[in-house]
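The next block holds one structure in the form of C-alpha cells; read it before the comments.
Rule-based calculations on the coordinates, nothing more; no lab input. Bear in mind that the values here come from a model prediction, so they are computed numbers and not experimental data. Cβ: placed from backbone, ideal geometry, glycine included. Neighbour counts: every protein chain shown.
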C-alpha cells in the first residue's frame, strides 16, 4: 500500500482475534490507489474496504483518542460490527450537525487500566 502512493499509515494492527486493520490517510487519489493495492495484495482475505473522500478533520483526533471536549450536553452513540462503518458514520455526523466527536471505544483500545 505504501509503495503504491504517498500515504501515511494511521493504524496497522490486530483489532480482534483473526482481524487485522490498516488505515491510511492522504490525498483522495493516493488513498484510493493505496487501498486498491491493498485489496489486490490481500485477495480473498479482505473482508471490507472503502475510501471516505474529504473526511472531516475532527475524525482523525477521535480515532487517535486525542479529541478535546469542553462540555457534554447530549451524547450520540453509534454501534456497529464494522469499524469502517463507524468511521463513515462519525464523518457523516460531524458534517451534518454542530457536534463534536469524542474519544471512542475502538476495538483495539482496552478498557482495562494497566496494573
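Restricting the calculation to Cα atoms, the range 1-51 shows an Rg/Rh of 0.95 when the hydrodynamic-style radius is the Kirkwood one.
Label positions at residue 79 and residue 10, each projected 7 Å from the Cα along the C-beta direction, are separated by 2.4 nm.
Could you work out how far helix 28-42 tilts from the main Cα principal axis of the chain, as a 0 to 90 degree angle to the nearest 10? Orientation of helix 28-42: about 60 degrees from the principal axis. Relative to a virtual label point 7 Å from the Cα of residue 52 in the Cα→beta-carbon direction, which members of the range 64-87 show backbone nitrogen distances below 17 Å? Counting only backbone N, you get 64-68, 76-87. When all alpha-carbon pairs of the range 53-109 are counted, what percent fall beyond 16 Å? I get 40 percent for the Cα pairs in the range 53-109 exceeding 16 Å. Hey, how many Å between the Cα centroid of the range 4-40 and the Cα centroid of the range 52-82? If you average the Cα positions of each part, the centres end up 19 Å apart.
Over all orientations, the chain has a Cα convex hull whose mean projected area works out to 8.7 square nanometres. In the chain, the DSSP-assigned H stretches of four residues or longer account for a calculated mean residue ellipticity at 222 nm of -9500 deg cm²/dmol, using -39500 (n - 2.57) per stretch and the full residue count as denominator.
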